[in-house]
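Input: a single structure, listed below in structure tokens.
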Amino acid sequence: MKPFPYSIMLHGKKIEIIAIPKPPGHYIILEALKKDKTANKGVNVISFCNKNSIKIGRGHDSEFRISDISVSRFHAQIVAKNGSFILEDHTSKFGTLIQVKRPLAVDQNNELCV
């Protein structure tokens with residue numbers, strides 16, 4: 001499944017389809033991709049302005065919640081470190097990002113599907 005395009009090229013000009021507000025400091029944009037075509041998709045802008053990590057999971061204390069039984073209560077975390085974002089699995093049963101068992105640096109120019 002391809003991510004939703006945020007912009008298109010028209011007559012040589014880049015036109016934004018969705019205006020995404022950019023917070024001050026480090027931030028990451030996560031897009032919810034669903035296999036079910038009737039399910040709602042969403043774009044989440046998560047700021048690291050006052051913190052250096054966010055918890056991902058289905059637990060109520062997760063900053064980025066995923067309501068899916070296959071997701072652990074505290075499934076993974078994203079850490080902002082030295083200008084990069086690192087995705088770390090938190091000993092989840094099935095792993096994160098196809099069984100990643102070690103931290104993974106996320107480059108700002110790459111798109112990843114989780």
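Nothing in this text is a laboratory measurement; each read-out follows from the coordinates by a stated rule. Just so it is clear, the model here is predicted, and its values are computed rather than measured. Neighbour counts are summed over all protein chains in view; Cβ atoms, including those assigned to glycine, are modelled from backbone coordinates with ideal geometry.
Some observations on this one:
- Three-way shape label, the range 40-93, alpha-carbon gyration tensor, a/c 1.5: oblate
- Ranked by the mean number of other Cβ atoms within 10 Å per residue, highest first, peptides 47-56, 65-74 order as 47-56, 65-74.
- Peptides 79-91, 13-25 ordered by average Cβ neighbours within 10 Å, highest first: 79-91, 13-25
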